[in-house]
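Read through the structure below, which is laid out as structure tokens, and then see the notes.
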Amino acid sequence: MANSLIIRKSIITVIMLVCSVLFLLPFVWMLSTSFKIEADVFKFPIQWIPERWNGFKNYQEVWFGDYPFYVYYWNTIKVTVITTCVSVVVSALAAYGFSKVKFPFGKFLFMIVLATYMVPPQAILVPQFILFRKIGLFDSHFGLILLGSFSVLGTFMLRQFFMSIHNDYIEAAKIDGAGHWRIFWSIALPIVKPAIATYGILRFIWTWNDYQNPLIFLRTDSLLTIQIAMQKFTTINGEFYSLIMAAAVSAILPLVIVFIIGQKQVIEGIALGGVKG
Amino acid sequence: MSVKTELTTPVKVVEKEEKIAKEKSENLTGILFVSPMLIGVSVLVLLPIFATFALSFADWSFITPLSQLKWVGFDNFTRLFEDTVFLKSLRNNAIFVLTVPICMAISLLIAVTIDRNVYLKGFFKVAFFMPYISSVVAIAVVWQVLFHPSQGPINQVLMSLGIENPPLWIADPNFALISIMIIQVWISIGFNMIIYLAGLQSIPRDLYEAADIDGANAWVKFRHITLPMISPTSFFLFITGIISTFKVFDLIAVLTKGGPMNSTSMIVWNLYDTAFVNLKIGYASAMAVVLFIVVFGITVFQWIGQKKWVNY
């Protein structure tokens with residue numbers, strides 16, 4: 001009985017392994033093509049392991065060629081890291097305020113904030129664009145960072161965690177003379193650290209992947225982030241698929257690293273809130 | 001007696017004053033905590049919503065000064081529903097919604113399979129989740145090459161299998177939307193699977209044990225325990241899935257730009273094209289209002305539906 005179960009489990013594992021490899025073939029193809037010389041890209045049968053290696057030159061062209069990726073990488077890292085930090089701080093403050101401090105209309109204000117989550121981002125693009133043109137935030141990293149800094153989702157997620165902190169803790173701290181700022185810093189934040197890590201990683205991935213906002217709110221070439229640069233690079237290098245794949249690998253790599261390091265948090269966070277983009 | 005009252009009243013007053021002062025400072029702290037978020041949401045979301053509604057009744061273009069703005073009432077909306085490209089976009093959106101149940105079915109199958117029946121569960125989770133966390137632009141570019149009409153690996157495989165005239169995929173008006181739907185399903189499987197896996201954890205084990213005692217086979221258990229017990233998750237995925245199909249932009253922008261012959265144009269793409277390529281602000285805002293109303297309608301439907309149809 002036990003043996004037949006093990007055999008059954010092994011067979012299903014092997015079937016699923018085959019499925020997952022098929023599922024990931026586009027990534028494998030991308031990676032292998034990025035190391036090929038251009039003439040071998042469309043050779044059939046597909047060379048999964050390149051016969052003639054040209055990886056070094058391909059990546060050199062992507063990173064330091066006419067459209068140097070190190071510039072866009074730096075822009076993206078800057079925008080992503082700052083957006084993530086600001087967004088975590090703003091969300092954590094609001095989440096604490098909405099869950100642990102009593103003030104008039106607190107519940108009502110939270111409902112309004114929550115309701116804005118429903119608004120499709122594209123439905124407010126035009127006024128945002130006009131506003132940013134008027135106040136001079138158009139075509140700047142600062143404007144892009146602002147756009148990503150006020151996350152309803154982050155506030156909601158972190159609020160759920162703050163709610164789980166027992167009010168007795170906070171009352172006790174108050175009797176000892178601590179104000180809300182002290183309580184926030186030294187009691188509440190340490191307790192919700194895992195939730196902050198989860199949200200921070202998700203926000204990092206989403207900001208890194210953002211295509212729409214940089215497309216609309218940035219114009220100057222030297223300010224572009226990696227997603228837009230990736231598309232421009234593709235347009236310029238139209239037929240050089242090995243180069244394009246090297247660029248694609250470069251654009252995805254940081255995400256894969258962040259995801260693999262934080263996979264537990266990412267998967268738990270997604271499952272917990274059923275959160276999305 | 002009178003001495004007593006004289007003694008207690010000031011104390012009470014002081015206490016009361018202290019209490020009011022405390023409450024005031026508590027109110028102030030509360031507002032300070034939430035104010036960054038409130039200001040951000042007001043300026044970047046609430047204000048633009050009102051502006052969108054207002055602009056949808058106006059005829060105005062980016063290139064003309066604000067003084068040229070004309071109020072045209074419902075003109076934009078009447079034009080919208082005679083606009084063949086917009087109607088086609090709406091229709092494409094409706095077709096695109098089909099990706100949601102397809103993706104849910106595949107994801108549930110994967111989730112049920114890897115939940116208890118395999119080794120290396122952690123690996124499978126990561127593997128199927130990869131497309132979801134990868135950058136859409138990079139993914140779109142990879143698929144663009146995979147779908148290459150004459151030399152792409154997909155068509156080369158099809159041809160070597162004896163299919164003489166494989167579809168031209170994103171270059172063919174009849175296949176472009178389907179191609180993008182395939183990519184969308186591929187991207188979303190990971191997300192759906194993770195949510196389903198979490199849902200499966202919450203089904204009590206003893207239900208299956210009881211079914212085992214009754215001699216139920218795997219299909220009966222799936223049909224009569226898993227499926228009904230997981231229905232809240234399915235409902236959630238269905239609604240969020242539909243809403244997210246109305247926001248698909250990156251794939252279209254990178255792969256087809258709504259073409260060929262508007263066969264992949266969807267509301268959001270149409271809106272972007274109208275506002276930022278053709279610079280028609282009022283008209284694009286009317287599209288935004290339609291988009292907003294559709295998403296709002298689905299959300300309301302979810303609120304009502306959650307209570308009515310979820311099977312517990």
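The values are calculated or read from the model by the stated rules, or taken from the named source; none is laboratory data. Because the structure is predicted, anything quoted here is derived from the model rather than measured. A quick note on method: Cβ atoms are made from the backbone with ideal geometry, for glycine too, and the neighbour counts reach across all protein chains shown.
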Point to revise | Positions within segment A:189-214 being farther than 21 Å from A:I257 by Cα and touching a helix residue (DSSP H, G or I) at 6+ places or on another chain (Cβ under 6 Å), in sequence order | key: A:V192, A:N213, A:P214
Check your understanding: Does any residue in segment B:115-136 that is modelled with pLDDT of 90 or more come within less than 9 Å, Cβ to Cβ, of a residue that is outside any helix (DSSP H, G or I) six or more places away or on a different chain, and which pairs are these?
Key -> B:F124/B:V118
Point to revise | All positions within segment B:265-284 that are away from every other protein chain (no Cβ under 11 Å) and within 18 Å of the chain's Cα centre (by Cα) | key: B:S265
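Here is a yes/no grid of residues against (1) assigned to a helix (DSSP H, G or I); (2) more than 11 Å from chain A (Cβ to nearest Cβ); (3) crowded, with 18+ Cβ neighbours inside 10 Å:
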{"site": "B:A127", "(1), (2), (3)": "yes, no, yes"}
{"site": "B:S150", "(1), (2), (3)": "no, no, no"}
{"site": "B:M181", "(1), (2), (3)": "yes, yes, yes"}
{"site": "B:A198", "(1), (2), (3)": "yes, no, no"}
Check your understanding: Which number in (1) more than 11 Å from chain A (Cβ to nearest Cβ); (2) in contact with a Lys or Arg (Cβ under 6 Å, 6 or more places away or on another chain) marks the one condition that B:Q306 misses?
Key -> (2)
**Study point:** Single residue of segment A:114-160 satisfying the filter (more than 27 Å from B:I267 (Cα to Cα) and aromatic (F, W, Y)) that is surrounded by the fewest Cβ atoms within 10 Å (Cβ to Cβ)
**Key:** A:F142
Practice item. Considering only residues that are hydroxyl-bearing (S, T, Y) and either within 12 Å of chain B (Cβ to nearest Cβ) or farther than 14 Å from A:I244 by Cβ (or both), look in segment A:11-68 and name the one that is farthest from the chain's Cα centre (by Cα). Key: A:T13
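Okay, residues lined up against (1) among the small types (G, A, S); (2) under 26 Å from B:K247 (Cβ atoms):
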| position | (1), (2) |
| --- | --- |
| A:F110 | no, yes |
| A:Q122 | no, yes |
| A:Q128 | no, yes |
| A:F132 | no, yes |
| A:G136 | yes, no |
| A:G143 | yes, yes |
| A:S151 | yes, yes |
| A:G154 | yes, yes |
| A:M157 | no, yes |
Exercise for review: Could you check segment B:39-117 for helices (runs of 4 or more DSSP H) lying wholly inside it with 2 or more residues that are in contact with a helix residue (DSSP H, G or I) (Cβ under 6 Å, 6 or more places away or on another chain), among the aliphatic types (A, V, I, L, M) and buried (at least 21 other Cβ atoms within 10 Å of the Cβ)?
Suggested key: B:99-116
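Would you be able to say whether some residue in segment B:202-211 is within 14 Å of chain A (Cβ to nearest Cβ), aromatic (F, W, Y) and not in a loop (DSSP other than H, G, I, E, B)?
No, every residue in segment B:202-211 fails to be within 14 Å of chain A (Cβ to nearest Cβ), aromatic (F, W, Y) and not in a loop (DSSP other than H, G, I, E, B).
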Point to revise | Matching residues in segment B:183-195 - criterion: being touching a Pro at 6+ places or on another chain (Cβ under 7 Å) and either within 27 Å of B:N262 (Cα to Cα) or surrounded by fewer than 23 Cβ atoms within 10 Å (Cβ to Cβ) (or both) | key: B:W186, B:I187
Point to revise | Within segment A:161-188, tally of residues that are surrounded by 15 or more Cβ atoms within 10 Å (Cβ to Cβ) and either within 26 Å of the chain's Cα centre (by Cα) or more than 13 Å from chain B (Cβ to nearest Cβ) (or both) | key: 6
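Can you pull out the residues in segment A:110-128 that are in a helix (DSSP H, G or I) and touching a Phe, Trp or Tyr at 6+ places or on another chain (Cβ under 7 Å)?
A:F110, A:L114, A:M118, A:Q122, A:A123
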Practice item. Check whether at least one residue in segment A:189-198 is of a type in the set (A, V, I, L, M) and assigned to a loop (DSSP other than H, G, I, E, B), and report yes or no. Key: yes
Study note, to complete from the structure: All-but-one check, A:Y199 against (1) within 22 Å of A:F98 (Cβ to Cβ); (2) surrounded by fewer than 23 Cβ atoms within 10 Å (Cβ to Cβ), failing number (2)
Point to revise | Boolean, A:Q227 is under 30 Å from A:I135 (Cβ atoms), touching a helix residue (DSSP H, G or I) at 6+ places or on another chain (Cβ under 7 Å) and facing chain B (nearest Cβ under 9 Å) | key: yes
Check your understanding: Just one of the numbered conditions (1) without any contact (Cβ under 8 Å) to a residue 40 or more places away in the chain; (2) part of a helix (DSSP H, G or I); (3) at the interface with chain A (Cβ under 10 Å from one of its Cβ atoms); (4) not hydroxyl-bearing (S, T, Y) is not true of B:I225; which one?
Key -> (3)
Practice item. Within segment A:243-257, count every residue that is more than 10 Å from chain B (Cβ to nearest Cβ) and either more than 21 Å from the chain's Cα centre (by Cα) or buried (at least 20 other Cβ atoms within 10 Å of the Cβ) (or both). Key: 2
Check your understanding: Which residue pairs have Cβ atoms under 8 Å apart, sit 6 or more places apart or on different chains, and have a first residue in segment A:85-103 that is more than 9 Å from A:L158 (Cα to Cα) and a second that is part of a loop (DSSP other than H, G, I, E, B)?
Key -> A:S87/A:F150; A:S87/A:S151; A:V90/A:F150; A:V90/A:S151; A:G97/A:F103; A:K100/A:I165
Practice item. Report yes if B:V141 is of a type in the set (A, V, I, L, M), in contact (Cβ under 8 Å) with a residue 12 or more places away in the chain and part of a helix (DSSP H, G or I), otherwise no. Key: yes
